[in-house]
Each structure stands twice: as C-alpha cells, then as structure tokens.
Protein chains: 2
Amino acid sequence: MNPPRSKCVIVANGMFPSHPLPLAALRAARRVVCCDGAAEKLAAAGFEPDWVVGDLDSLSDASRARYRDRLVAVPEQTSNDLAKAFRFCFEQGWHDVVIVGATGLREDHTLGNLAWLVDFAQALHALDSAHGGGRVVLLTDTGIFTPALASMEFRSHAGQQVSIFACEPGVQVYAEGLKYALEGVSFTRWWQATLNASLGEAFKLVFEGGPLLVFQTY
Amino acid sequence: MNPPRSKCVIVANGMFPSHPLPLAALRAARRVVCCDGAAEKLAAAGFEPDWVVGDLDSLSDASRARYRDRLVAVPEQTSNDLAKAFRFCFEQGWHDVVIVGATGLREDHTLGNLAWLVDFAQALHALDSAHGGGRVVLLTDTGIFTPALASMEFRSHAGQQVSIFACEPGVQVYAEGLKYALEGVSFTRWWQATLNASLGEAFKLVFEGGPLLVFQTY
C-alpha cells in the first residue's frame, strides 16, 4: 500500500508512530501541525513541528521557548487538542489532512480521537465545491481509518482486513468486494461488521444514514 | 487503586498487559481463560492457561500439543475469540469476569472488544437473581472500562480521569462528583463526555437508556 500523501500532517499526542507508512506520510508533509506535547515526541524522532496547537499544558518550558514563534494556544475545554489542531488547519485552508499518533496510549483518547474524525469529515464536506472539498484520514501503526459520510469505493488489496463501524445504530450497509456479505445489515453494535476482508483491488460500501468509520489494515 | 479481584480472568489476544493492576488480577485468578494465541503470550510471561478458547487458528502446533487437554475449539465466525471465551465462562457459571489484554494492537480489535463488553454485561444482567447476577470489567494498561446498563455509583479518587461513552446516541446523563457538570447532556458523539475527572472517592451517573461504557484511569 502507498501511504496517503498530504501537504498537511497532524501529529496527535498518543503513541508516536513506528510503522513505515505514517512515518512516510510525516516525511512527505509540507507542514506538520503538532498537538501540544506531541511536539516533543516529534523532535525526539528527528522532525521539526511547523505549528504547535492546543492547551499547551503538556509542553515543557524548554519546548515553549524553542517553539515560541509557532505556538497556537487554544485554551477552551470543549474540544481536545486534536480537534483544536484540525480546526487550525481548516481555518488556514489546509483541507487535505493526514492524522498520525492518535492512538496507542489511553484508550479513551483513542476512542475520542476516532469519533472526532467523523466530525472533521463533516466539516470538510460542508465546504462548498469552490473550495474543492477536502479529505481527512487517520493512520495508526496497524492501518488506516477513513470516515465515510456517504456510499463510497475504497482502494484495497486481496486479503486486506477490513472493519466497519457504524457511529449510530441502525445504518443499513451493503458491501461489494468483501469476503463476508453485507446485504443491508442493520448494525446495532460496533463489533458487528469487524473482521471482514477485501477480495481484490477495491470494495464498495453502499449505505444511507451513517456516518461509517472504515478501518483497513496496511 | 486496588485491582478488581476475580476468580476468572480472560486474556484476550491484544497487547499482553504490562501494568501492575492487570498483572495482579491475573496472578490472583483462580482460573485463566485464554483467547487462542494469547496462551502463548501468557506462557511467555510465566503463567499457565487453564483453558484456551477460540478458533485456535493462531496457536502453534507446539502449543496445540502442550495444551491439548484444555483446548475449547469454537469455529463459528459470527463472534470473535473474546466473545467465545466469555460465552465459555458464562456457560460454566463463572459470572464474575475480569478481561485483560483486549487492547493495544489493532484498533479495530480494540473497538470490537470494547463493544462486546456491553453485550457481556447484558448477558450477565439477564441472569435471574437466583444466580446472583454477575460482573464484567476490562482492564487495560491505562485504566478500567466498566459497562453501565443503568444508573450506578463508581468508586474513585480525587483527580481520577473519567471518560464516558454512550453506545447509542441520545442518552441523557446526569453526573454527581465529576469536575465538568453533566446535567442531562444528550450525547450525539462518542467524544462528548471524555476527559472528565472525579472530585473525590465516588461519582455517580444517572441516566435512562444507555448503555454507557465508563473509563477510569488507575
């Protein structure tokens, strides 16, 4: 699988990536926006943040001084640092975003970040076509999460593991190109469409309602 | 925090625990039920499984031979190995269950396992009082997940980080004893009640509908 390339990569403050794909996305980025203390993990891995966004409560004094020309303090408490970083990118007009480092430590942060991903996709979807829309995906050390607001096709490869999560219960999903048939299955539980697999170079999910969160292993 | 002690600990096939609390729960267990290949991680950590349940497709031939007197093969494909292990415990009458090792590797497995936790709680709740009910919790390296089917009080400590996830949107939750007030907040997103904190030795969640999944750091 080729890593999704984007000019803008957000580094969240979970486990810093170790898999080659999120690292390649990071290396290829034209700008790197860090969530708060993630700047220190990034520096430890030999990268430099272009912006550091968030509460800034988890940055050391040394990092505050070092990055003083690129700090964006957003003190409000109703969203987390990943949401603040995304909003910053959104307002700058950076609408093609790859998120890394958003999982792997506290599981409640992982769940929260994955839920925010759907909100980010909805914000991008609301852009009018003059802005050219946008895209946001989240890369972990094991795979890629894509938020799906409407029926869509996914590039894939035979045997790729695929899990589908319905953010609201009752969404009916039809799938083409997956090993286990989804013929209008109505999800009432998150786990019901996990552990599927792709049969070839693409699969398609057709649904109304939603959104869905789709996970593909690398 | 004292680890929840249980006679029955299920070891799922995610990241083997490294935190002292899940390890203490494991050491105190009277019986340890492993999901498939988790038996090998368990053995590598110096423990012995009492039962190994699942597809058994991720066990080496050596492990198959070594544990041949304690294998429970459940080949069906509609539930995962954690659900199979829980059902085995449930049918044996082991209704006080602690799950460890269920997170930390593939994020879709993590999400699936957390969603199953609610189903396990519902199965235990359906037991009549003659069986004495039951309890199931999931310990990670960062905290404890408790499924809440109805309003309940949680033991806690001041400053403990608390995140609440509504498995279905629209649940209204009232909280006592948390830093950020929840006064009938109706959740429409998983992230909306994350990153709260306890004010003292207990907090209480009052809600109708549900279920909720409650995370507390250690």
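Structure notes:
- From the list A:Gly159, A:Gly209, the one residue that fits, being out of contact with any Asp or Glu (no Cβ under 9 Å at 6 or more places or on another chain) and touching a residue at least 12 places away in the same chain (Cβ under 8 Å), is A:Gly159.
- Residue satisfying condition, being under 28 Å from B:Ile164 (Cα atoms), in a loop (DSSP other than H, G, I, E, B) and touching a helix residue (DSSP H, G or I) at 6+ places or on another chain (Cβ under 8 Å), within set A:Asp141, A:Asp119: A:Asp141
- Filter result (surrounded by 23 or more Cβ atoms within 10 Å (Cβ to Cβ) and more than 11 Å from every other protein chain (Cβ to nearest Cβ)) within the range B:208-218: B:Leu212
- Among the residues here, A:Thr78 does not qualify as of a type in the set (S, T, N, Q) and in contact (Cβ under 8 Å) with a residue 40 or more places away in the chain.
- Meets criteria (away from chain B (no Cβ under 14 Å) and more than 30 Å from B:Gln160 (Cβ to Cβ)) for A:Gly93: yes
- Residue that is nearest to the other protein chains (Cβ to nearest Cβ), among those in the range A:178-194 that are surrounded by fewer than 18 Cβ atoms within 10 Å (Cβ to Cβ) and assigned to a strand (DSSP E or B): A:Ser186
- The set of residues from the range A:144-177 being in a loop (DSSP other than H, G, I, E, B) and within 11 Å of chain B (Cβ to nearest Cβ) comprises A:Cys167, A:Glu168, A:Pro169, A:Gly170.
- Scanning the range A:87-116 for residues that are surrounded by 24 or more Cβ atoms within 10 Å (Cβ to Cβ) and part of a loop (DSSP other than H, G, I, E, B) gives A:Gly101, A:Ala102, A:Thr103.
- Residue count for the range B:37-86 under the criterion of being away from every other protein chain (no Cβ under 14 Å), closer than 23 Å to B:Ala123 by Cβ and in a helix (DSSP H, G or I): the result is 2.
- Residues in the range A:138-162 that are touching a Phe, Trp or Tyr at 6+ places or on another chain (Cβ under 9 Å) and under 14 Å from A:Pro211 (Cα atoms): A:Phe145, A:Thr146, A:Pro147, A:Ala148, A:Ala150, A:Ser151.
Per-residue answers, yes or no, for (1) more than 27 Å from B:Met15 (Cα to Cα); (2) outside the structural domain of B:Trp94 (by TED's automatic domain parsing); (3) touching a Cys at 6+ places or on another chain (Cβ under 7 Å):
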{"position": "B:Leu124", "(1), (2), (3)": "no, no, no"}
{"position": "B:Ser163", "(1), (2), (3)": "no, yes, no"}
{"position": "B:Glu168", "(1), (2), (3)": "yes, yes, no"}
{"position": "B:Gln172", "(1), (2), (3)": "yes, yes, no"}
{"position": "B:Gly177", "(1), (2), (3)": "yes, yes, no"}
{"position": "B:Val185", "(1), (2), (3)": "yes, yes, no"}
{"position": "B:Ser198", "(1), (2), (3)": "yes, yes, no"}
{"position": "B:Glu201", "(1), (2), (3)": "yes, yes, no"}
{"position": "B:Leu205", "(1), (2), (3)": "yes, yes, no"}
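The values are calculated or read from the model by the stated rules, or taken from the named source; none is laboratory data. The shown structure was predicted, so the numbers you read here are calculated from the model rather than taken from an experiment. Quick reminder, even Gly has a Cβ in these numbers, built from the backbone with ideal geometry, and neighbours come from all protein chains shown.
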